[in-house]
Amino acid sequence: MKELMVKYKALATVYFKQFCKYPIPLFLKLVYVPVEAFIYTFLWSYLGTSSSVDISYMILYYVIIGLIKSAYPFRHISVRIQSDVMDGSISNALVRPYPYILPELARYTAWTVVYSVVFIPAIIVVVWVRNVSVICALSFVFAFFIGNIIQFLVWYNVGLCALKIERIRGVLLAVSAIMAFTSGSLIPLNLLPKWMEQVTYFFPFRYYMYFPLQSMLGEVTVNEYITSILLSLVWCFLLWGLSVVQLQSGMKKLQVNCA
């Protein structure tokens, strides 16, 4: 385990230096995120002139959703795995001294550290403007951390589908559509009809966006928070187990084909 952590740290350091050497993606975030926040503010301020919706809440909701959506390009994980499968380089995983998932985890960690230049100041501003309590802020951080693990494992599993079908564009589009509906990124889930909101509990995406955001806004009770955290952890174990099964079964077939 200690040896594995050393390799993970080394990979994360390499990716961090790479992101710092080529900072264009981060620069685009520095431009894109404030512009998106301005658009949401302008849009809901305009709609507020003819609507009874709590405009300050909706502005804050979509600003945070924008920050979360920009946190990491998760779908790139799936695309990279598809490329590895199609060019055959995934076979190198059979001889690597570390698990196949480790480089992706290291890359994700490195980008998270880099993106914190945008994310942390923005969240501090939101906490200050909304007068969020320390407990709610910490609840958000913990829920968001687990939600990111869920999101990572979802797209890692989507990428591993390439071991069976090679091209995963259809799977990517289907998962993206489900995520948009069940995560709360299009519309707050509490504004959906009751039966539609209940459907979202059958998918893991609400624990990546909607639940952390509600935790920050203080709209969940202690019991609801604990229950959601436990369900989030269950999803983490289920998705991790699925990824292990997918990789093992896929690599067995790959070995046979390479023989």
(message) For a Förster distance of 25 Å, can you work out the FRET efficiency between the beta-carbons of Ser91 and Lys2, rounded to the nearest 0.05?
(response) 0.35
(request) Using the Cα centre as the reference, give the magnitude of the dipole from point charges on the C-beta atoms of the range 68-114 (Lys, Arg: +1; Asp, Glu: -1; all else neutral), rounded to the nearest 20 debye. (result) 160
(message) Using a probe radius of 1.4 Å on heavy atoms only, what accessible surface per residue do you get for the range 112-178? Whole Å² is fine.
(response) 51
(request) Quick one: dipole size for the range 148-233, taken about the Cα centre, charges +1 on Lys/Arg Cβ and -1 on Asp/Glu Cβ, in debye to the nearest 20. (result) 320
(message) Explain nothing, just compute: Karplus ³J(HN,Hα) = 6.51 cos²θ - 1.76 cosθ + 1.60, θ = phi - 60°, for every residue of the range 221-234 in order, whole Hz, x for Gly and Pro.
(response) 7, 4, 5, 5, 5, 4, 4, 5, 4, 5, 5, 4, 5, 4
(message) Expected output is a single nm value to one decimal: the length gained when fully extending between Glu166 and Val125, i.e. 0.36 nm times separation in residues minus the C-alpha distance. What is it?
(response) 10.4 nm
(message) How large a share of the accessible area of the range 77-191, in percent, is made up of carbon and sulfur atoms when the probe is 1.4 Å and the other protein chains stay in place?
(response) 71
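The values are calculated or read from the model by the stated rules, or taken from the named source; none is laboratory data. All values derive from a computational prediction rather than experimental measurement. Positions of Cβ are backbone-derived with ideal geometry, glycine not excepted, and every protein chain shown enters the neighbour counts. Remember, those area values only see protein heavy atoms, side chains included, never the ligands or the DNA or RNA. Shrake-Rupley method; radii C 1.70, N 1.55, O 1.52, S 1.80 Å.
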